[in-house]
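Quick one: structure below, then a few questions.
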C-alpha cells in the first residue's frame, strides 16, 4: 500500500503561506525569518535534552506514539520519538507565520525604542518544560501547552506593553490553525483516527478538532508571536 505523506503535505501548504508573505511583505521579511529560526532553534534542543535525560530518569518526552504517530520521510519520527524533517519544516514555517500575523493583519510595524532585551521567558520555558517532564506523567502535549503559557506570563510581566500584541496574535493564530485543521480533516478524513492517539487525550473535540490542538495553537501564539519584540527590545 502506498504511503501518503499527509504531514509533509500540510507542511507544503504552510510553506506556500510563508512564501506568499515573504514575497508580498518586504517589511516583514526580517521578522518572518527571525521567527522561523528562533522556534526550532529552541524547541529542537529541548526535545533532545529531554530525550537524553530519559536514558537516566523516568520522564515523559515521547510525542510519538504517545500523542500521535504520522507517516514521515525515512520514518524518522518513529525512530527519534518525535523529530523528523516534517517537524522541522512545521516549526520553521509556523514560527515565522505566527511571528508576523499581528503585523500582517493590522499593518503594524515593530519599532526600536531602546528597551532592555529580555531572555527570561526562554529560560523559564526550558526549566518548566523539563521540570514538568520529571514531575508529571501526562501526555507531553500538555507539557508544551503549559510551558508556552508560562513563557507568555513571563513576557507580559516583564513587558506588559506586549499583552495586546500577544493576545491578538494568539487569537489570530488560533483561528488560522483551527481553520487549517478543518481543511486537513476534509482532505484526509481518516488521519485523525489513524495518526492521533485519541485514547491518551481527554476526548473533547470541537468540530472534530482535539482540544489539545486548539490549546497548543493558542498558547503557541501567545508566547512566540511577540518573541521578536521581547528578545530584541522592540516596541510592538
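The values are calculated or read from the model by the stated rules, or taken from the named source; none is laboratory data. Because the structure is predicted, anything quoted here is derived from the model rather than measured. For neighbour counting, all protein chains shown are included, and Cβ atoms are generated from backbone atoms with ideal geometry for every residue, glycine included.
Out of the stretch 25-36, which residues are exposed (fewer than 15 other Cβ atoms within 10 Å of the Cβ) and in contact (Cβ under 8 Å) with a residue 12 or more places away in the chain?
Of everything in the stretch 25-36, just one residue is exposed (fewer than 15 other Cβ atoms within 10 Å of the Cβ) and in contact (Cβ under 8 Å) with a residue 12 or more places away in the chain, namely 27.
For the structure I just gave you, tell me whether residue 76 is surrounded by 13 or more Cβ atoms within 10 Å (Cβ to Cβ) and either in contact (Cβ under 8 Å) with a residue 40 or more places away in the chain or part of a helix (DSSP H, G or I) (or both).
Answer is yes for this residue.
So in the stretch 189-206, with the set limited to residues that are closer than 15 Å to residue 69 by Cα and in contact with a helix residue (DSSP H, G or I) (Cβ under 8 Å, 6 or more places away or on another chain), which one is surrounded by the fewest Cβ atoms within 10 Å (Cβ to Cβ)?
Within the stretch 189-206, the match that is surrounded by the fewest Cβ atoms within 10 Å (Cβ to Cβ) is 198.
A follow-up question, please. Going by the structure shown, is residue 229 crowded, with 20+ Cβ neighbours inside 10 Å, modelled with pLDDT of 95 or more, more than 18 Å from residue 93 (Cα to Cα) and touching a helix residue (DSSP H, G or I) at 6+ places or on another chain (Cβ under 8 Å)?
Criteria not met by residue 229.
Which of (1) surrounded by fewer than 20 Cβ atoms within 10 Å (Cβ to Cβ); (2) touching a helix residue (DSSP H, G or I) at 6+ places or on another chain (Cβ under 7 Å); (3) within 27 Å of residue 33 (Cα to Cα) is the odd one out, the single condition residue 66 does not satisfy?
(3) is the only condition that residue 66 fails.
Still on this structure, I have one more. Keeping to the stretch 207-224, report how many residues are outside any helix (DSSP H, G or I) and either surrounded by fewer than 20 Cβ atoms within 10 Å (Cβ to Cβ) or out of contact with any strand residue (DSSP E or B) (no Cβ under 9 Å at 6 or more places or on another chain) (or both).
Residues in the stretch 207-224 being outside any helix (DSSP H, G or I) and either surrounded by fewer than 20 Cβ atoms within 10 Å (Cβ to Cβ) or out of contact with any strand residue (DSSP E or B) (no Cβ under 9 Å at 6 or more places or on another chain) (or both): 3 in total.
Name every residue in the stretch 195-206 that is part of a strand (DSSP E or B) and either touching a residue at least 60 places away in the same chain (Cβ under 8 Å) or closer than 15 Å to residue 100 by Cα (or both), in order of residue number.
Listed by number, the list holds a single entry, 196.
Is there a residue in the stretch 118-135 that is assigned to a loop (DSSP other than H, G, I, E, B) and surrounded by fewer than 17 Cβ atoms within 10 Å (Cβ to Cβ)?
yes
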